[in-house]
Amino acid sequence: MVSSHPLVVRIQALARELGFSQIGIAGVDLSSAEDGLMQWLAHGFHGEMDYMAAHGTRRARPAELVPGTVSVITARMDYLPRDTDPDWQAIEFERLRWPGEAIVSVYARGRDYHKVLRNRLAKLAERIAQEVGPFGHRAFTDSAPVLEAELASRSGQGWRGKHTLVLDRNAGSMFFLGEIYVDMVLPESEPVSSHCGSCSACIDVCPTQAIVAPRRLDARRCISYLTIEHGGAIPVELRTLMGNRIYGCDDCQLICPWNKFAKKSSLPDFDAREGLTGRSLAELFAWTEEEFLRRTEGSPIRRIGHERWLRNIAVALGNALRAGEEGAREALVSRKDGASALVREHVEWALGTVASE
């Protein structure tokens, strides 16, 4: 997607200097997306994410969210770590077969993307202002009632895959999205056509069958939602399906053929942190709250807090115990007393699962 408009060309150049891989321009009329959004909410697919329903159609009306907005600059930033192996998809799938290893979603192994994108979007806006003079703007990255994937697909960043994520033929889906709402008219980018064809790999591979139809996700069944957004007890019927995933889930992206073209980040921010990759469940389950806070400083993981961290790992340890993983029972027993009621219930489930089979 290349624009011939001088200002857009300049914005693209400035964005590349800041680590963004692509820039697009979307209009603000998203009315055609409102019906789908409201149907999704009506089905309760948003689960406990009450903020999704609270803002309702405002998500599809940029000019209501930020008065004066007439165009939206969309930005894409690749996030695969710089040392990613060319065969990374197969490697990640193999790691899911090691029941004692704790699996954190690839995007969360480095620095909090909210901080990275927010800072760089702010810098991009500053540089645009140096080119055109003061202008009204507001930047977002997964932090406000914004239809990010809709804006991205309308602005040529890619198409909506059947897993609901944005896909690009040259970059797969391993990237973050950000937006700058602006009060100046810019030419809209041309959207691209879908290239999923008859492939249903992402739907078929989902451990909990959370993708209930092409481009329709029931968040209540999604492991990413369960381990991050969901605050209470994880539904018992879904626990064994979570395997060793303790924060997020990448399966639908790992299986996607287009992700063989996924790009490495040019930034060190997304390099995997020590302690979040290749670690055992038992090791991470032993973290005190102080150690959890220290280890996850500046990480997106910190937002779930120590209690949910332990809850998630307790489920994974239960699954590891069922698989005969040495040390799983001892780790679970260490938290049987003294833990919060939420963690204790998951520990007791994990220990009882084996005893009852």
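The values are calculated or read from the model by the stated rules, or taken from the named source; none is laboratory data. Computed from a prediction, not measured in an experiment: that's the story for all the values here. So basically every Cβ, Gly included, is an ideal-geometry build from the backbone, and we count neighbours across all protein chains shown.
Can Gly100 be described as surrounded by 20 or more Cβ atoms within 10 Å (Cβ to Cβ), within 27 Å of Leu281 (Cβ to Cβ) and out of contact with any Pro (no Cβ under 8 Å at 6 or more places or on another chain)? Answer is yes for this residue. Restricting the first member to region 238-256 and to residues that are under 22 Å from Ser200 (Cβ atoms), and the second to residues that are aromatic (Phe, Trp, Tyr) and surrounded by fewer than 21 Cβ atoms within 10 Å (Cβ to Cβ), the beta-carbon pairs closer than 6 Å and six or more apart or on different chains are Leu254/Phe93. Pairs are defined by a Cβ separation below 8 Å, a sequence spacing of at least 6 or placement on different chains, a first member in region 338-350 that is within 18 Å of Gly327 (Cα to Cα), and a second member that is among the β-branched types (Val, Ile, Thr) and surrounded by 17 or more Cβ atoms within 10 Å (Cβ to Cβ); the pairs so defined are His346/Ile234; His346/Val315; Trp349/Val315; Ala350/Val315. Within region 150-184, being part of a helix (DSSP H, G or I) and touching a Ser or Thr at 6+ places or on another chain (Cβ under 7 Å) holds for Leu151, Ala152. Of the candidates Glu237, Glu190, the single residue that is under 30 Å from Glu348 (Cβ atoms) and surrounded by fewer than 17 Cβ atoms within 10 Å (Cβ to Cβ) is Glu237. Assess whether Glu64 counts as being outside any strand (DSSP E or B), surrounded by fewer than 20 Cβ atoms within 10 Å (Cβ to Cβ) and in contact with a helix residue (DSSP H, G or I) (Cβ under 8 Å, 6 or more places away or on another chain). Against the criterion (outside any strand (DSSP E or B), surrounded by fewer than 20 Cβ atoms within 10 Å (Cβ to Cβ) and in contact with a helix residue (DSSP H, G or I) (Cβ under 8 Å, 6 or more places away or on another chain)), Glu64 qualifies. For Met242, the conditions (1) hydrophobic (A, V, I, L, M, F, W, C); (2) crowded, with 20+ Cβ neighbours inside 10 Å; (3) within 25 Å of Asp78 (Cβ to Cβ) all hold with the exception of (3). Among the residues making up region 118-146, those that are under 30 Å from Met38 (Cα atoms), buried (at least 16 other Cβ atoms within 10 Å of the Cβ) and not basic (Lys, Arg) are Leu121, His137, Ala139, Phe140, Thr141, Ala144, Pro145, Val146. A single entry from Glu307, Glu297 fulfils the requirement of being surrounded by fewer than 24 Cβ atoms within 10 Å (Cβ to Cβ) and in a loop (DSSP other than H, G, I, E, B): Glu297. The condition of being modelled with pLDDT of 95 or more and not in a loop (DSSP other than H, G, I, E, B) does not hold for Gly197. Is at least one residue of region 242-253 assigned to a helix (DSSP H, G or I) and over 16 Å from the mean Cα position of the chain (by Cα)? The answer is yes, given that some residue of region 242-253 is assigned to a helix (DSSP H, G or I) and over 16 Å from the mean Cα position of the chain (by Cα).
Residues of region 149-191 being more than 23 Å from Arg120 (Cβ to Cβ) and out of contact with any helix residue (DSSP H, G or I) (no Cβ under 8 Å at 6 or more places or on another chain), which ones? Correct list: Val185, Glu190. Within the set of pairs 6+ apart or on separate chains, which have a first residue in region 142-153 that is among the small types (Gly, Ala, Ser), a second that is part of a helix (DSSP H, G or I) and crowded, with 22+ Cβ neighbours inside 10 Å, and C-beta atoms under 6 Å apart? As it stands, the answer is none, since no pair meets every condition given.
A single member of Ile128, Ile91 is within 23 Å of Leu267 (Cβ to Cβ) and touching a residue at least 12 places away in the same chain (Cβ under 8 Å), and it is Ile128.
Evaluated against (1) within 17 Å of Ser224 (Cα to Cα); (2) among the hydrophobic types (A, V, I, L, M, F, W, C); (3) out of contact with any helix residue (DSSP H, G or I) (no Cβ under 7 Å at 6 or more places or on another chain); (4) modelled with pLDDT of 95 or more, Leu276 falls short on exactly one condition, (4). Restricting region 117-161 to residues that are farther than 23 Å from Ser299 by Cα and among the hydroxyl-bearing types (Ser, Thr, Tyr), the residue that is nearest to the chain's Cα centre (by Cα) is Ser153.
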